[in-house]
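Here the structure comes first, spelled out in structure tokens, and everything after it is commentary.
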Amino acid sequence: MSAGNSKLLKKYRDEIRDVTRSILDLVVARQILASKIADAKESSNADIENHTVEESLSKEMIEYSNSLGLDKELASNIVHQLIEYSKISQRRKIFLKLIRAHLRSEKIRVVSIIGAGRMGGWFARYFNEAGAQVLLYDENRPLARSKARKLDCRWAKNLNEVAKADFVIIAVPISATPREIRRLVSKANPEHQLRVIEISSVKHELEKTGLLGKKGFPDNLKLYSVHPLFGPNANPFSVNSLIQVGNSDFVRNIFPHYKVFSMSAKNHDKLMGTLLTIPHIHALSFADSISAKTIPETIESPSFDYMLDLSKRLLKESEDVYYDIEATNPYARQAINETKKSIAKLQKLLQDRSAFRKFFRDADKRLN
């Protein structure tokens, strides 16, 4: 590259940097307006979600982008993200007040987190922002200390400190959850009111050991069993969902902006056989199937890339977590067997075009 072209390239890159900064300045201005809209919605009891307004704005902006000669898909993606983060900003402003008020009304000042993994970190950030004093504990003390420093919270050296909190979140592997509950119970002061939430994604072990709904808990300790249907990268003020075993207003008020579904432990685990086991086995079997194949990196296929991305994301997580999810759920084997039957059915359908077409159309009707 000639010296003249190099200077010209640098000039254009500097201009792009300046334009990008201007765009980000405007995004900040838009988020400030979103915060003002949150105040107006709160005072008038208006819903944060208003699909009519959103669709109207999106349509208007797409038409405007067309007049500018801007790519329609690019404009649509930008507008969608701006709208979504506007609503996140509004939820944060409105619901943080409700969460803080609930914590005050329940006299919850200190929240302990057992487990310094990724979900433990998520809950630490959640309650830190809600104004609670957060105490992070893990058997791996260096991990707890390091994570607490990053999250700007305290770390506990032992369970005695944890048990002095007003509220405890147990965010450890499924197989370790019953043990941690028992250990916490043994450390709890009988004169100290303590609420506990465990977040395991399979409830069978807790039910089998009698910990769910157990009458033997001391009167001052209350256990709530929930399952967050989101991962550690979820924004706390997105539209997230969680399942609770039973039906508690306490849980709903801790997460007032979430979709909370109530069901029995058995129905929860049956559902996880569908929501977790089936996607997991497809992603893992896909990874296993292609691992021995040579695929040129420059060749792309949307369906293949989607499955590859899903498999890669799953494989970056803890293998022990995924083992526990499938090995401890009594309904996982049933889900796997049903998947085997579906694959066998498809093999037969490939011998009959009309039967395959019918299967295809029927599946489309069921899903869409």
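Every number here is computed from the coordinates shown, using simple stated rules; none is lab data. In this text, all values refer to a predicted model and were calculated from it rather than measured experimentally. All Cβ positions, even for glycine, are placed from backbone atoms using ideal geometry, and neighbour counts span all protein chains on display.
Listing for the model above:
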item: 14 Å beta-carbon shell around Gln31, net charge (K/R +1, D/E -1); result: +3
item: FRET E, pair Leu284, Arg100, Förster distance 41 Å, beta-carbon r, rounded to 0.05; result: 0.50
item: Ranked by how many other beta carbons lie within 10 Å on average, peptides 124-136, 98-110 from highest; result: 124-136, 98-110
item: Whole-Å distance, taken between Cα centres, linking region 338-368 and region 81-135; result: 45 Å
item: Order of Phe167, Phe230 - criterion: other Cβ atoms within 10 Å of each residue's Cβ, fewest first; result: Phe230, Phe167
item: Region 82-90 - phi-based ³J(HN,Hα) in whole Hz, Karplus 6.51/-1.76/1.60, Gly and Pro as x; result: 4, 5, 4, 6, 5, 5, 4, 4, 5
item: Shape category assigned to region 1-124 from the gyration tensor of Cα positions, a/c cut at 1.5; result: oblate
item: Total charge dipole magnitude, the chain, about the Cα centre, Cβ charges on Lys, Arg, Asp, Glu only, Debye to nearest 20; result: 720 debye
item: Arg154 long-range amide H proximity, modeled H, under 5 Å; result: Val134, Leu136
item: Region 141-169 and region 19-51: distance between their alpha carbon centers, rounded to Å; result: 35 Å
item: Calculated diffusion of the chain, Stokes-Einstein form, Kirkwood radius summed over Cα pairs, 4 °C and 1.567 mPa s, µm²/s; result: 53 µm²/s
item: Share antiparallel - DSSP beta bridges, the chain, percent rounded to 5; result: 15 percent
item: Backbone N within region 88-128 under 20 Å of label point (7 Å from Glu42 Cα along the Cβ vector); result: 88-106, 126-128
